[in-house]
1. Here is a list of conditions, (1) under 19 Å from D540 (Cβ atoms); (2) of a type in the set (A, V, I, L, M); (3) open to solvent by less than 60 Å² (accessible area, probe 1.4 Å), and L216 meets all of them except one; can you say which number that is?
2. When region 257-274 is examined, which residues are found to be of a type outside the set (V, I, T) and open to solvent by 40 Å² or more (accessible area, probe 1.4 Å)?
3. Y85 versus (1) open to solvent by 10 Å² or more (accessible area, probe 1.4 Å); (2) assigned to a loop (DSSP other than H, G, I, E, B); (3) touching a Leu at 6+ places or on another chain (Cβ under 8 Å): which is the lone unmet condition?
4. So in region 338-347, with the set limited to residues that are open to solvent by 10 Å² or more (accessible area, probe 1.4 Å) and touching a residue at least 40 places away in the same chain (Cβ under 8 Å), which one is nearest to the chain's Cα centre (by Cα)?
5. Can you confirm whether region 64-82 contains a residue that is open to solvent by less than 40 Å² (accessible area, probe 1.4 Å), of a type in the set (S, T, Y), out of contact with any helix residue (DSSP H, G or I) (no Cβ under 6 Å at 6 or more places or on another chain) and at pLDDT 95 or above?
6. Taking the stated definitions as given, is L313 in a loop (DSSP other than H, G, I, E, B) and open to solvent by less than 60 Å² (accessible area, probe 1.4 Å)?
7. Whether any residue in region 295-309 is part of a helix (DSSP H, G or I) and out of contact with any His (no Cβ under 9 Å at 6 or more places or on another chain) is what I want to check.
8. List every residue pair whose Cβ atoms sit under 8 Å apart, with the two residues 6 or more apart in sequence or on different chains, where the first one lies in region 269-290 and is under 27 Å from K310 (Cα atoms) and not assigned by the TED database to the domain that holds V187 and the second, anywhere, is open to solvent by 30 Å² or more (accessible area, probe 1.4 Å) and outside any helix (DSSP H, G or I).
Amino acid sequence: MGTSVQVTPLCGVYSENPLCYMLSIDGFHFLMDCGWNDLCDQNLLHPLSRVTSIIDAVLLSHPDIMHLGALPYAMKHLGLSAPVYATEPVYRLGLLTMYDHYISRRQVSDFDLFSLDDIDFAFQNVTRLTYSQNYHLSDKGEGIVIAPHVAGHLLGGTVWKITKDGEDVVYAVDFNHRKERHLNGTVLESFVRPAVLITDAYNALNNQLYKRQRDLEFLEALLKVLWGNGNVLLPVDTAGRVLELILILEQFWSQQHLTFPIFFLTNVSTSTIDYVKSFLEWMNDSIAKSFEHTRDNAFLLKHVNLIINKSELEKVPDVPKVVLASMASLEIGFSHDIFVEWATDTRNAILFTERGQFGTLARMLQVDPPPKAVKVTISKRVPLGGDELIAYEEEQERLKKEAALEASLNKEELKDANAGDPMVIDAASSLVSSDASASRFFGYGDIFIDGFVPPETSVAPMFPCFENLADWDDYGEVINPDDYITKEEDMDGTAGQGLGSDLDGKFDEGSAHLLLDTSPSKVVSNELTVQVKCSLVYMDFEGRSDGRSVKSIIAHVAPLKLVLIHGSAEATEHLKEHCSKHVCPHVYAPQIEETIDVTSDLCAYKVQLSERLMSNILFKKLGDYEISWIDAEVGRVNDTLTLVPLTSATPIHKSVLVGDLKLADFKQFLASKGIQVEFSGGALRCGEYVTVRKVGDSTQKGGTGAQHVLIEGPLTEEYYQIRELLYSQFYML
């Protein structure tokens, strides 16, 4: 039987709710993402609360609230204690995203679902991996290998490949095949025939404009408002898709020599850009090469100003401006406050670059036609004064007295307990009678030690003695280098513990001041009806593959079994029906807490190679692997299936060519050898008379069957030369 695989959605199926799923592989339970929404709806986490005790590992795919927002809460309140795995940008930018979210909440409410310490605790033990790094799990996860790959949606975004016994389970949500200004496209298409593919149906019904046309319309919409003496607000995330928007604006402002000011406003904006500057190796090839050759960092911003509080924006002269402000949902944060101020002016515009979360103000404004007026809650934190301050101080004094009284009572109870529990001095008696004993302890023979009644089993007090169990070799005591390595978390302020550890490393100055301000305060709220007179525009800059591309990629990957998650009911059913007809017969779309078994139908056996067989094998290098053809028979050695040499004569086998020929690469190779070559009708015309073409097995969906390479032409010297060059592209066994 194949590797046992079960999938249980905990949130985010048949809806656009946050992503959270449990994936079980041979009894090892992965939590795939741990998302929440900007509303912090605790009802969404009830299914998660029922399984946190059995989770063995958490894999995070993207650094935004929808993929990791519930992690601090789950570790504080739901008992989640499993190790977490992510890429370095997901870890760093996810941490900043949670800081921004928390600070935005604290500014307008007495938010207590989690604290900064809880965020630090949740992220302090994250194991950071690089793309394509194979990480072998241990203990209960022995034999399981996890590897992050490029998703193309957000910086550090991950497609997770989990391998056990040669079978791959791929978790690919929110991927993007397009190469963008700061990101490469996904590598999902390089996976062929995984046992299980888990992917989303979020964009199954959407088709996007061409990138150049979309960017042109976006910039035209901005300039129309700015030339009309209006302001443009772009509600954005903290450290995700906003990076692509910043580069678009930077590039266009430079090309057109525009002077309209641009502001990036979040509680952690400067920290975000500082980190992003150091993540160039995670970005697309052009950015990395540009830095290598010219030391030009794409995120050394010339036109986008970084600000961390709204007061800095208010100091700017009253000129047309563009502001990118968090949060994208408009529920909290700077974007909410700016919207309330700017919505009433017909010259201004709110430009949405992503679909708002359900139930949020942003989603409400994106309906067609949009509402003419909306009710919003304006909240702000103000210091206490007058009677309220006096009442607060009296309450704090009362609490201090109660705490002191309780501590005193606890001290008395501890003293009574110690009095009733005799202190052991000597096993003989409570009276030190001998001169030797007296002189040893006190120097006097007539001192009576009152109140010490040793039990019969007591022994004389002594200093603790620890046996030295250190290992020694010819050079002395064996040293463990890990004992002398300073942990990165201790050196890095961004992962500091507690509120007072290193706020300068975590937050911008204004945010740190807000959090360190312990003066009594309260939150004042009032409801307001806002007349929406500004223009509302939506353009898709979400950075996800559209429906047409998703179908094509899934067909190319051609999984044995497909699990669809995260998308509206209509989109999920549409993609399920399409894939059932054109990709594979085993397509699943489970409901919340519905466990589906997607165990492979293949039978897999573990065998070991005997030493006699290994000694006669000749390996050939193939990329990172070594391959060889063997003829053997299966036997049992110590009750273990073992391949042993054949007892009869070794049969002759036909030569096998191993490799994947890409005609485009072969064309360049032939050209480098001085052979005239060109594409014609899907085949390569080599020289005057020779043609090379690939013919796939039409019975295999997704083009994953055996492929035949045909070389046609007269048997000339040119024919044999091209054939030899063709053979050189493969490994022959």
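The values are calculated or read from the model by the stated rules, or taken from the named source; none is laboratory data. All values reported here derive from a predicted model rather than from experimental measurement. Here Cβ is always computed from backbone atoms with ideal geometry, including for glycine, and neighbour counts include all displayed protein chains. Accessible surface areas use protein heavy atoms only, side chains included; no ligands, DNA or RNA. Shrake-Rupley method; radii C 1.70, N 1.55, O 1.52, S 1.80 Å.
1. The single condition L216 does not satisfy is (3).
2. Across region 257-274, the qualifying residues are H257, D274.
3. (2)
4. Only one residue fits best here, namely V340.
5. Scanning region 64-82, I find at least one residue that is open to solvent by less than 40 Å² (accessible area, probe 1.4 Å), of a type in the set (S, T, Y), out of contact with any helix residue (DSSP H, G or I) (no Cβ under 6 Å at 6 or more places or on another chain) and at pLDDT 95 or above, so the answer is yes.
6. So L313 does not fit the description; no.
7. Checked against the condition, which is being part of a helix (DSSP H, G or I) and out of contact with any His (no Cβ under 9 Å at 6 or more places or on another chain), region 295-309 yields no hits at all.
8. So the pair list comes out as S269/L306; T270/L306; I273/L301; I273/L306; K277/L300.
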